[in-house]
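Written below as C-alpha cells is the structure these notes are about.
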Amino acid sequence: MSTTPIYTRYNRFNADGGGLHQIPSLQPPPKPTRGQYALEIALFATSGLIILFAAIALYTSYSPAHKIVPNTVADGLKHDRVNILLIGIGGENHPTHDKLADSIMLISLKPSTRQAAVMSIPRDLWVPISSHGTHRINYAHEIGEQSGYPGEGPGLLCDTVSRVFGQPVNAFVRVRF
C-alpha cells in the first residue's frame with residue numbers, strides 16, 4: 001500500500017485539521033482500457049492532421065509565389081496571338097470601397113499581321129465562377145481577392161474570362177481609377 005501526501009481536513013485522518021497529512025491509498029491507480037488508449041491515439045492523430053493542414057493552408061495563402069499570376073506572353077507569341085485582359089477597379093477613393101472590376105476589356109494582338117482587336121466585356125454578365133457558383137463577371141475579382149485564389153482577384157478573373165470566351169488570357173493590366 002502506497003501513501004500519497006495530500007492536504008485534508010477530514011477528522012478521521014487529520015484530527016487537528018491542520019497541515020500536511022499522509023492518507024494511505026486503498027486502491028492502485030486505475031489504468032486506461034484499450035478503448036480509452038485507442039481513443040487517445042485517434043484524438044492526437046486527428047489534432048496533428050488538423051494542425052498540419054492549417055500550416056499548409058497558411059503557407060500557400062501567404063507565400064509570395066501564391067500571389068503571382070503566370071505571364072504566358074511568350075507562349076502567346078509562339079501561337080501568334082497574345083490576349084491581354086484590361087481590368088479597371090475603383091481603388092481606395094471609390095465610394096463603395098469594394099474590389100469589383102468596374103471595367104473589363106479583352107485585348108487580342110496578332111503580331112504577324114499587326115492586327116489588334118478590343119472587346120469590352122459587360123461587367124454585369126452572369127457567368128459561372130469556378131466553384132463559387134454563378135455571379136456577375138465583375139464579382140470574380142472580389143471573390144479572388146477574398147478567397148486566396150492563386151493570383152488573387154486578377155487570377156480568378158483571367159481564368160473566368162478564359163473559360164467563358166474560350167480564349168487563353170496571357171497577361172493582365174489592372175488600372176485603379
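The values are calculated or read from the model by the stated rules, or taken from the named source; none is laboratory data. This one's a predicted model, so the numbers in the text were calculated from it and none came from an experiment. As a convention, Cβ positions derive from the backbone with ideal geometry for all residues, glycine included, and neighbour counts pool all protein chains shown.
General remarks:
- Going through (1) surrounded by fewer than 19 Cβ atoms within 10 Å (Cβ to Cβ); (2) over 14 Å from Val175 (Cα atoms); (3) touching a strand residue (DSSP E or B) at 6+ places or on another chain (Cβ under 9 Å) one by one, Gln146 falls short only on (3).
- Selection status of Phe177, farther than 30 Å from Leu77 by Cβ and surrounded by fewer than 17 Cβ atoms within 10 Å (Cβ to Cβ): yes
- In the set (1) of a type in the set (Asp, Glu); (2) within 30 Å of Pro168 (Cα to Cα); (3) modelled with pLDDT of 85 or more, the condition left unmet by Glu40 is number (2).
- Where strands (runs of 3 or more DSSP E) fall wholly inside region 99-177, the ranges with 2 or more residues that are of a type in the set (Val, Ile, Thr), under 23 Å from Val82 (Cα atoms) and touching a residue at least 40 places away in the same chain (Cβ under 8 Å) are 171-176.
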